[in-house]
Amino acid sequence: MASNEADPHGGVPAASDRPAFIPLEANPELMTTLLHKLGLSTSLQIHDVYSLTDPDMLAFIPRPALALLMVFPVSAAYESARLAEDSLLEDYSGKGPQEPVLWFRQTIRNACGLMGLLHAAGNGPARQLVQEGSILDKIIKDATPLDPVARARVLETNADLANAHKSAATQGDTEAPAATDDIDLHYVCFVKAEDGGLWELDGRRKGPLKRGELGKDEDVLSQTALTLGPLKFLERGGGDLRFSCVALAGSFD
């Protein structure tokens, strides 16, 4: 939700005609409600992740965990590492069902929480648990054959998505900031794709980032995934420990 996040390369702020959303609180109940309203099966929900290193705490999460979302303050160290890595990459232009992941470029200001949820629900096994004919189902089907620029327009122009997000974002435990406020928090999502890869999905980057390979029985909370993904991510960001995580996994109900 960083103030310049509407620009996918972290440059200048988005043009004034770009939409802005109320920032989404990292609240598992709120996020679960939004995902279900968009069309994800109620067999899945969002869970708090209280530790990335304590096996006893991780044991509270139903397995397999299908996606891990991190929310963190955008620091100077993180921005420096992001820009340095992106400078070596080409802009992603992938499209079509043959791509290992469905990635969305973020052009909606303060929508990084929503982007994380879309990436979590639109990839890996979760994608098979999206209800036919739902808002999310339509977004996935419309976006899959398109390049990243056209995909972004799908999100920008979807009134049902905007309304569902607004309803959820105004129901948090804390007073919601304005959609146009500058927020220094940001979300990234880690998923295990059908190709067995661990992917970092962030709409501010130049494209999806494959961070390594996972074994058949390894999920996003496995030791391999945590080492390749969020723990390495924190290391690249300068070791700032002010972050929180939630995971998409089976429902307790």
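The values are calculated or read from the model by the stated rules, or taken from the named source; none is laboratory data. No experiment lies behind these values; they were computed from the predicted model shown. Heads up: the accessible areas ignore ligands, DNA and RNA and are worked out on the full protein's heavy atoms, side chains in. Shrake-Rupley method; radii C 1.70, N 1.55, O 1.52, S 1.80 Å.
Per residue, the chain exposes 44 Å² of solvent-accessible protein surface, assessed with a 1.4 angstrom probe and all protein chains in place.
Rounded to two decimals, the Cα radius of gyration of the chain over 2.2 N^0.38 Å is 0.92. Carbon-plus-sulfur accessible fraction, the stretch 106-168 (probe radius 1.4 Å, protein heavy atoms only): 52%. Ranked by solvent-accessible area (1.4 Å probe, protein heavy atoms only, all chains present), the residues ASP86, ASP217 order from largest to smallest as ASP217, ASP86. Expressed as a whole percent, the accessible area of the stretch 48-98 that falls on carbon and sulfur atoms is 60 (1.4 Å probe). Which number gives the lysine pairs in the chain that have C-alpha atoms under 21 Å apart and are eight or more places apart or on different chains? So the count of such lysine pairs works out to 16. Its residue count N fixes a reference of 2.2 N^0.38 Å for the stretch 98-147, and the Cα radius of gyration divided by that reference is 1.11.
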